[in-house]
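J.: Okay, handing you the structure first.
Only the coordinates and a few stated rules stand behind these numbers; no lab work does. Computed from a predicted model, the values in this text were never measured in an experiment. Cβ atoms come from the backbone with ideal geometry, glycine included; neighbour counts cover every protein chain shown.
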Amino acid sequence: MPRGRAIPFFKAGIACCLLVLTVIARAQNTETVPGLTEGQQIPSISAPDQNGSTQTFASLKGQHGLLLLFSRSADWCPYCKLQLVQLRQAKQEFEAKGIQVASITYDSQAILKTFADRKGITYPMLSDPQSTIIRAFGILNPDGKGFATGIPYPGIYYITPDGVIRKRFFEAQYSDRFTPNNAYTVLFGGNAPTVQPAMIRHGSHVTLQITQSDAVVGPGSRIKLQVRISPAPKVHVYAPGAAKLGYKVVNLALDPSPGFHEMPATYPPGTILEFPQLRESVPVYSKPAVIGQDVVVAATKEFIRSIGQGKELEISGTLSYQACDDHQCFNPVREPVKWMVKVEPLDTARAPEAIRHR
């Protein structure tokens, strides 16, 4: 069988918030964030929620566990407020999987009640003003000073019903926040049902489905873009690992943009196709395969200023591949792909002066 040839191819109101973010951002890195990790048992949880009810892990968890968001503040942290609202929006989808959701901050019950009422949040928002639970999880950020003393490293834990951490999502930069919908995609291998339907395109010898974890985002939101490539019957495309044998592998490349930065794309492992006459074992995709690409919406001052009351962000790129059947390889293809997301401005409103952090 012939092989395919490899071809190169915001203002004054947020000044205090930005100052705090600058001071504490330097310690946030996925490789250095401390704390409990996958496979470990969580400590005891007991804290009042925004309505004054004492919550424990037993009262918080669903049939299949708990998605627990640690956040810095619903008072002064705009990225935290964005993520807390995104958790409200994802609540129904996790509940459909038997998973309840909750959050923990060092905020007072009064701050949490004010924010919950303003944003229509009904899931439990736990108040941990002495950072007791935050410390027990090992994620206290020592760089929090002044009124930021006691904040955690922000992140999401998925905890099984027996109290074991199954997955955690922590960010490389302070402003970078996994959306709960992104976490849903990672945990369940598909987009939340409330996200817009996939766009389907018919390429050369393959069908492409283009999806995204979120349609509405904010600065710093880390979302997942996906391309599902389905070869036609008796057709395959080459998976990563085949390039060293000279084959042109599937490759997703995004166009550069000041509106986002990208993380490395993820490719599922291929199945091995044997070429006895060539004495080669080559990884291929002969069945549907999903390529994932996380991108983080920009949180630079320039981009935040450009948002105004909201803006559309286009994320475009190219999917390159070469399809082959049992007899021949077809011409290499560069298929354009595109996603659209609406970027909304950050919430910079603080809690009433009498109860806000000082």
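J.: Taking +1 at the Cβ of each Lys and Arg and -1 at the Cβ of each Asp and Glu, which of Q40, A215, Q328 sits farthest along the dipole of the chain towards its positive end, judged by Cα position relative to the Cα centre?
T.: Final value for the positive-end residue is A215.
J.: Using only C-alpha atoms and all pairs of different ones, pull out the Kirkwood radius for the chain in Å with one decimal.
T.: 22.0
J.: In addition: State to the nearest 20 debye the size of the charge dipole of the stretch 20-148 about its Cα centre, where the only charges are +1 on K and R beta carbons and -1 on D and E beta carbons.
T.: 200
J.: Restricting to Cα pairs below 8 Å that are 6+ residues apart, what does the relative contact order work out to for the stretch 199-343? Please round to a whole percent.
T.: Normalised by residue count, the contact order of the stretch 199-343 is 31 percent.
J.: Another question about this same structure. Treat each spin label as a single point 7 Å out from the Cα along the C-beta direction, and report the I355 to D117 distance in nm.
T.: The modelled label-to-label distance comes out at 0.7 nm.
J.: Which lysines, if any, have their Cα less than 20 Å from the Cα of K287, not counting same-chain residues under 8 positions apart?
T.: K234, K248
J.: Rounded to whole Å, give me the distance from the Cα center of the stretch 142-171 to that of the stretch 326-350.
T.: So the two Cα centres are separated by 30 Å.
J.: Dividing the convex hull volume of the Cα atoms of the stretch 81-136 by its residue count, what figure in Å³ per residue is obtained?
T.: Spelled out: Cα convex hull of the stretch 81-136, divided by residues, is 76 Å³.
J.: Now for a different question. Relative contact order (percent) for the stretch 273-358, with alpha-carbon contacts under 8 angstrom and 6 or more residues of separation?
T.: Relative contact order comes out at 23 percent.
J.: Moving to a separate point now. From the phi of every residue in the stretch 100-116, what ³J(HN,Hα) in whole Hz does the Karplus formula 6.51 cos²θ - 1.76 cosθ + 1.60 yield, where θ is phi - 60° and glycine or proline is x?
T.: So the J values, rounded to whole Hz, are 8, 10, 7, 10, 9, 9, 8, 5, 6, 4, 5, 4, 5, 5, 4, 5, 4.
J.: With each run of n ≥ 4 DSSP H residues scored as -39500 (n - 2.57), what mean residue ellipticity at 222 nm is computed for the chain after dividing by its residue count and rounding to the nearest 500 deg cm²/dmol?
T.: Mean residue ellipticity, 222 nm, calculated: -5000 deg cm²/dmol.
J.: Next question, about the same structure. Under the definition of Cα pairs under 8 Å and six or more residues apart, what whole-number percent is the relative contact order of the stretch 77-127?
T.: 39
J.: Further question on the same structure: What size of dipole, in debye to the nearest 20, comes out for the stretch 199-343 about its Cα centre when the only charges are +1 on Lys and Arg C-beta atoms and -1 on Asp and Glu C-beta atoms?
T.: I would put it at about 180 debye.
J.: Alpha carbons only, please: Rg and Dmax for the stretch 134-277, in angstrom.
T.: Rg then Dmax for the stretch 134-277, in Å: 19.9, 70.
J.: Also, I was wondering about something else. How big is the equivalent ellipsoid of the stretch 199-343 along its three axes, where each semi-axis is √(5λ) from the Cα gyration tensor, reported in whole Å from largest to smallest?
T.: Here the semi-axes work out to 35, 14, 11 Å.
J.: Straight-line reach from K342: which aspartates and glutamates have a Cα under 15 Å away, not including same-chain ones fewer than 8 places off?
T.: D214, E312, E314
J.: May I ask you to compute the full-extension gain from D326 to R135, defined as 0.36 nm times their residue separation minus their alpha-carbon distance, rounded to one decimal in nm?
T.: 62.9 nm
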